[in-house]
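Undergrad: Sharing a structure below in structure tokens format, with a few things to ask.
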Amino acid sequence: MGLLKAGIGALGGALADQWREYIYCEALSENVLAVKGQKRTSARGSNTKGTENVISNGSIVAVNEGQCMIIVDQGKVVDLCAEAGEYVYDQSTEPSMLYGGFGKGLLETFKNIGKRFTMGGEAGSDQRVYFFNTKEILGNKYGTPSPVPFRVIDQNIGLDIDIAIRCHGEYSYKITDPMLFYTNVCGNVEGAYTRDRIDSMLKSELMTALQPAFAKISAMGIRYSALPGHTMEIADALNEVLSKKWSELRGISVASFGINAVNASEEDEEMIKNLQRTAVMRDPSMAAATLTTAQADAMRAAASNTATGPMFAFAGMNMAAQTGGVNAGDLYNMAAQQKAAAPTAAPAAAPAKDSWTCSCGHVNTGKFCTECGSKKPEDGWVCSCGAVNKGKFCPECGAKKPAGVPQYKCDKCGWEPEKGVKPPKFCPECGDPFDNGDII
């Protein structure tokens, strides 16, 4: 009885799995990262007794935009498709007489029946389709529970210190390699793999990587208050730091990183302001202006002193100025001396007396143009045959030297060749061709 039941089960199962399936995936929400594909069945269909996790040869898989599909056969990924549209699976180990030719399908089906009989009437294969959400996963909030070190660099004043900042905002990520995500994260799930199963780990690793990412940003000279304007650089730095754990291990990368607010402690902010304010005093002009302002304020305060009288107040102010040893006049003189000692731009060198301008516009002093290699034009007159001559007759064609070589002038830019020299075909300044209309 067992052999008979196995034979009937093998025949019935093989015939039930002859139908080509249509496998699809409903719209993936932002909370679902991966889900197993579904076979479309309805009351009007006849494909209602097929074996679960068996995909017949010639089955159709529908891939939507923002999705990636992989096919797993016997636990191994055998194919992947990230292009939206219809995908026909024609590499299945489950043959069908309804696809690829009836005769060939019939022969393969009988072989499959024999294989199923040896396994007690059950299918000896497991094939599944998984869909992955490749859209940007938004709405991941983060916040630094404790201050994060940030290096402040200001090349203008030679400032290089470490402070502590707090920041919060949102980031988004994407599945960029579904193969790695399936292999190392979700695996052979039966239902849906949702983001809440991995978000806490991603957030923890992001907070750990935020410190070295900020170090890369601060090395660019970016102030912590300007971080919201450099979110793209921060996202690139985070991907570089997280490449081992996210990209190479899980197939995930940071798509965007947003900062809602970033703050440093009041002590650190006041320290930076004081250092910058003090560094400004290195300029004698700024120091003199500050001292002048302070003296003016002191004079106003002395004039309004009613306790000891303005005369005693001014006397005390003068004594303090003499004790200090520095006055605004000395600082202004120092600034003027520094300005006078500053190097000035060297005047442009005058062209050499024996220089000549080539037809390409380059000025040369040798016999050949260093830009285009043209030979320096010789003194004399240019014959109609193109030869340059110094005598009364051309040695090439015997033509007599004309009474005078016409003088040309470009009618576009006004450039003139040397007197007695025939101009080039084109003006070296503007490129306009020379013709009889340019003769002056």
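Undergrad: Among what's in region 155-195 and is over 23 Å from Ile252 (Cα atoms) and out of contact with any strand residue (DSSP E or B) (no Cβ under 8 Å at 6 or more places or on another chain), pick the residue that is surrounded by the most Cβ atoms within 10 Å (Cβ to Cβ).
TA: Looking only at region 155-195, we keep the residues that are over 23 Å from Ile252 (Cα atoms), and these are 155-167.
From the residues that got through so far, the ones that are out of contact with any strand residue (DSSP E or B) (no Cβ under 8 Å at 6 or more places or on another chain) too are 155-158.
Working: Gln155: 8, Asn156: 9, Ile157: 13, Gly158: 10.
So the residue we want is Ile157.
Undergrad: Being over 20 Å from Glu170 (Cβ atoms), open to solvent by 80 Å² or more (accessible area, probe 1.4 Å) and among the hydrophobic types (A, V, I, L, M, F, W, C) is true for just one of Met271, Met232, Met220, Met201. Which residue is that? Please lay out each step first, then the result.
TA: Details: Met271 fails: open to solvent by 80 Å² or more (accessible area, probe 1.4 Å); Met232 fails: over 20 Å from Glu170 (Cβ atoms); Met201 fails: over 20 Å from Glu170 (Cβ atoms).
Result: Met220 is the single residue among Met271, Met232, Met220, Met201 that is over 20 Å from Glu170 (Cβ atoms), open to solvent by 80 Å² or more (accessible area, probe 1.4 Å) and among the hydrophobic types (A, V, I, L, M, F, W, C).
Undergrad: Kindly indicate whether any position in region 75-89 is at pLDDT below 85 and either in a strand (DSSP E or B) or crowded, with 16+ Cβ neighbours inside 10 Å (or both).
TA: The answer is yes; a qualifying residue exists.
Undergrad: If I go through region 241-252 residue by residue, how many of them are more than 19 Å from Pro149 (Cα to Cα), open to solvent by 20 Å² or more (accessible area, probe 1.4 Å) and either among the hydroxyl-bearing types (Ser, Thr, Tyr) or assigned to a helix (DSSP H, G or I) (or both)?
TA: Looking only at region 241-252, we keep the residues that are more than 19 Å from Pro149 (Cα to Cα), and these are 243-252.
Narrowing the set further to residues that are open to solvent by 20 Å² or more (accessible area, probe 1.4 Å) leaves 243-245, 247-250.
After this cut, where a residue has to be either among the hydroxyl-bearing types (Ser, Thr, Tyr) or assigned to a helix (DSSP H, G or I) (or both) as well, the list is 243-245, 247.
Counting residues in region 241-252 that are more than 19 Å from Pro149 (Cα to Cα), open to solvent by 20 Å² or more (accessible area, probe 1.4 Å) and either among the hydroxyl-bearing types (Ser, Thr, Tyr) or assigned to a helix (DSSP H, G or I) (or both) gives 4.
Undergrad: A further question on this structure: Determine whether Cys397 is over 60 Å from the mean Cα position of the chain (by Cα), part of a loop (DSSP other than H, G, I, E, B) and at pLDDT 75 or above. Please lay out each step first, then the result.
TA: Details: over 60 Å from the mean Cα position of the chain (by Cα): yes; part of a loop (DSSP other than H, G, I, E, B): yes; at pLDDT 75 or above: yes.
Answer is yes for this residue.
Undergrad: Now for a different question. Pull out all pairs, ordered by first then second residue, where Cβ-Cβ is under 8 Å, the residues are six or more apart or on different chains, the first lies in region 253-265 and is in contact (Cβ under 8 Å) with a residue 24 or more places away in the chain and open to solvent by 20 Å² or more (accessible area, probe 1.4 Å), and the second is in a loop (DSSP other than H, G, I, E, B) and not β-branched (Val, Ile, Thr).
TA: Ala255/Glu136; Ser256/Glu136; Ser265/Pro147
The values are calculated or read from the model by the stated rules, or taken from the named source; none is laboratory data. Keep in mind it's a predicted model, so treat the numbers as computed, not measured. No Cβ is skipped: glycine too gets one built from the backbone with ideal geometry, and neighbour counts run over all protein chains shown. When the accessible area is computed, the model is the full protein with side chains, heavy atoms only, and any ligands, DNA or RNA have been set aside. Shrake-Rupley method; radii C 1.70, N 1.55, O 1.52, S 1.80 Å.
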